[in-house]
Amino acid sequence: MSGVRAVLISTGIEPNHLQLERTESVLMEDADSTIATLRALKVMGVQMAIDDFGTGFSSFTYLQRFHVDTLKVDRSFVREITGDPKAINLVSAMINIGKSLNQRVIAEGVENCAQLNFLQHHGCDEGQGFYFSHPVVAAEAGSLFKRGLEQTLVQ
């Protein structure tokens, strides 16, 4: 935690502009310690996200206890939403759970327009994946925004 505080001070970044991501399995390794750490980070103003949501120890209990700000729906579920009825129902439920808990919901692995349309129709406000861009270095990301590609992102 002192490391996070030091980085915030040295960079001048406001804590609410920093979001740390942890996978479900990492969060569950030592749940009691995790809860204490997450509380301290929240007091600092840092945002927290559960990455790869749905692939680990998905539990309503930890969603309630961990007080995270963002759920990132794993790409393995997003990949199947255009053809598998079970995946359609699961992703829709994950979006609804996150929204009902006032969390941001980000879909990982969006690769085509059909997936994007499904996600938007079901209330998923944000996505990431090859549909928007392949991974780029920070300097190149800035030029993407300058060229106006930010308007194609899920808002």
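Derivation of every value follows stated rules applied to the coordinates shown; laboratory data play no part. Since the model is a prediction, treat every value here as computed from it, not as a measurement. We place every Cβ from the backbone using ideal geometry, glycine too, and count neighbours over all the protein chains shown.
Laid out as a table, the results:
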item: Positive-end residue, region 2-152 charge dipole about Cα centroid, Cβ charges, pick of Gly12, Gly127, Ala93; result: Gly12
item: Cα-based Rg of the chain normalised by 2.2 N^0.38 Å, two decimals; result: 1.10
item: Within the chain, helix-based [θ] at 222 nm, where runs of 4 or more DSSP H residues each add -39,500 (n - 2.57), nearest 500; result: -13500 deg cm²/dmol
item: For region 1-37 versus region 83-120, the gap between their alpha-carbon centres in whole angstrom; result: 26 Å
item: Approximate spin-label separation Asn112-Ser10, in nm, with each point projected 7 Å along Cα-to-Cβ; result: 4.5 nm
item: Val7, Val78 arranged by Cβ crowding within 10 Å, fewest neighbours leading; result: Val7, Val78
item: In region 2-152, lysine pairs closer than 24 Å at Cα, eight or more apart or cross-chain; result: 5
item: Amide H within-cut-off set for Thr23, under 5 Å, with H built and near neighbours excluded; result: Asp51
item: Whole-Hz couplings from phi, Karplus 6.51/-1.76/1.60, listed for region 79-93; x for Gly and Pro; result: 4, 8, 5, 8, x, 10, x, 5, 5, 4, 5, 5, 5, 4, 5
